[in-house]
Amino acid sequence: MAGTPVRPRSVAVLGATGSIGTSTLDVIARHPERYRVHALTAHRSREALLRQCRVHRPAVAVLDGEADAAWLREQLREAGLATEVRVGAGALVEVVEASEVEVVMAAIVGAAGLLPTLAAVRAGKRVLLANKEALVMSGALFMEAVAGSGATLLPIDSEHNAIYQCLPAEHRGGLGRHGVTQLLLTASGGPFRGWSAEALAGVSPEQACAHPNWSMGRKISVDSATLMNKGLELIEACWLFDARPEQVKVVVHPQSVIHSMAAYADGSVIAQLGNPDMRTPIAYGLAWPERIDAGVEALDLFAVARLDFEAPDETSFPCLRLAREAMAAGGTAPAVLNAANEVAVEAFLDGRLGFTGIGELVARVRDARPVEAATDLETVLNADARARQAARDWLNR
Ligand code: NAD
Ligand code: MG
């Protein structure tokens, strides 16, 4: 086929055992002539990582703990595989910096992904960004690093991938320069769309994790239910596309068929549509600027039949407003928001905090922590650590 690379590109998948990691490996397996897995990483899911090593035969695998790593080494040896097992956060940075690696899928969930994702950017790799929390925390530093290293940053979050596809190829320097007036960020509304704040108070983690359209990890599922996910995505869109918060409009679209849109000065609105399957943006990121088969079913518009739109309810779902306010406040405010939210979601999943307590906790931590200029990584990591502590103190009050 014209344009097929002469040798496969070498890929490191951070967070390989998660929802995005698994979908990435599914796409890669469809194109062995194009992609080769160099490294696979996971936190603790050693069995899942072993299964992936058997199939993809990476040069390196990374786990967080020594005992899990020793177990994996032994299993790999018995299976006759040459995969080298490394341990800990430092190993995540090493694998993305390796000279063999051309493409890094950043699919760790939460702040844990910041350092390796930033390392991949600084090393000038093609970075497929699923780990939105990394960009939310360190927006300005992250985008400066992209510009400084010449890394190719391709958004994997379906909304941002859609907007990327709807914008002119060169969209840096402010949306206005390219005739774009607004980014329309679509939201499914989550499993509790239309619910009152009173009804939300009693929902369980299982209800929150049962998303109507997308199958995802538990943290992002809860974020989708509170609309914090849309808030984080609003911040993500501002950084990726050089937009001001008021240029990003959230549109609830329950079918999740339009993944987002860009509105232009001449009245045109360009949308990207598809079935809700993350393999589409993943394949886009892997192959860009080419297009490859993602294993995704063709969109049947007759089966979809209708597309609905409504405004988000920021009274029942205050997290969206909190995120917009954090972006407007700037500096370390988004890092504080993200850290408080991560602690709150974990507490909710563990049954220590009610669903509506998530927004309440985020607001309390926001009020308790100062906004500092986010001029260096240390300040950002400090703001993250202090916000987590403030959140835990409030939970243990
Ligand atoms: P997941 O929970 O299914 O998987 C997370 C992965 O990260 C796992 O491989 C896990 O082992 C690893 N991990 C977790 N904590 C870690 C730590 N402390 N150190 C190292 N590795 C760690 O999550 P997911 O749904 O695949 O989401 C991953 C990221 O992609 C998130 O930032 C999420 O917001 C984003 N995202 C996901 C989707 C989706 O459809 N799942 C869509 C858009 C964006
Ligand atoms: Mg999304």
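Values in this text are rule-based calculations from the coordinates and carry no lab data. Remember, it's a predicted structure, so these values are computed and weren't measured experimentally. So basically every Cβ, Gly included, is an ideal-geometry build from the backbone, and we count neighbours across all protein chains shown.
Annotations for the structure displayed:
- Cα-based Lys pair tally, the chain, threshold under 19 Å, eight or more apart or on separate chains: 5
- Estimated FRET transfer efficiency when R0 is 51 angstrom, pair Arg321-Glu84 (beta carbons, to 0.05): 0.60
- Placing +1 on the Cβ of every Lys and Arg and -1 on the Cβ of every Asp and Glu, with nothing else charged, gives segment 163-395 a dipole about its Cα centre of roughly 220 debye.
- Highest-fluctuation residue, Ala328, Ala197, Ala79 considered, GNM on the chain with Cα pairs under 10 Å: Ala79
- Radius 13 Å from Cβ of Ser260, net charge of other residues (Lys, Arg +1; Asp, Glu -1): -2
- About its Cα centre, the dipole of the chain is roughly 460 debye, where the only charges are +1 on Lys and Arg Cβ and -1 on Asp and Glu Cβ.
- Amide H partners (placed H, <5 Å) of Val62, local residues excluded: Leu40, Thr41, Ala42, Arg86
- In the chain, one over the average inverse separation of all distinct C-alpha pairs is 21.5 Å, which is the Kirkwood hydrodynamic radius.
- D (Stokes-Einstein, µm²/s), Kirkwood Cα radius, segment 163-395, 0.890 mPa s at 25 °C: 130
- Considering only alpha-carbon pairs that sit under 8 angstrom and 6 or more positions apart, the relative contact order computed for the chain is 15 percent.
- Residue of Phe309, Phe192, Phe142 that the Gaussian network model of the chain assigns the largest fluctuation, springs spanning Cα pairs under 10 Å: Phe309
- Each residue of segment 327-344 is assigned a 3J(HN,Hα), and the resulting list reads 5, 5, 5, x, x, 7, 4, x, 5, 5, 4, 5, 5, 4, 5, 4, 5, 5 Hz, derived from the Karplus form 6.51 cos²θ - 1.76 cosθ + 1.60 (θ = phi - 60°), x at Gly and Pro.
- Between Ser99 and Val371, the modelled labels are 4.5 nm apart [label points 7 Å from Cα along Cα→Cβ].
- Candidates Thr41, Thr152, Thr315, ranked by Gaussian network fluctuation over the chain, Cα under 10 Å, top entry: Thr315
- Normalised contact order of segment 1-107, rounded percent, pairs of Cα under 8 Å and 6 or more residues apart: 33
- Which of Ala82, Val345, Ala333, positive extreme of dipole for the chain (C-beta unit charges): Ala82
- Most positive-pole-ward Cα, Val296, Ala271, Phe241, against dipole of the chain from beta carbon charges: Val296
- For segment 207-216, backbone phi angles converted through the Karplus equation (6.51, -1.76, 1.60; θ = phi - 60°) give residue-by-residue couplings of 5, 5, 8, 8, 6, x, 10, 10, 9, 9 Hz, Gly and Pro being listed as x.
- Using only alpha carbons, segment 9-156 has a radius of gyration to Kirkwood radius ratio (Rg to Rh) of 0.96.
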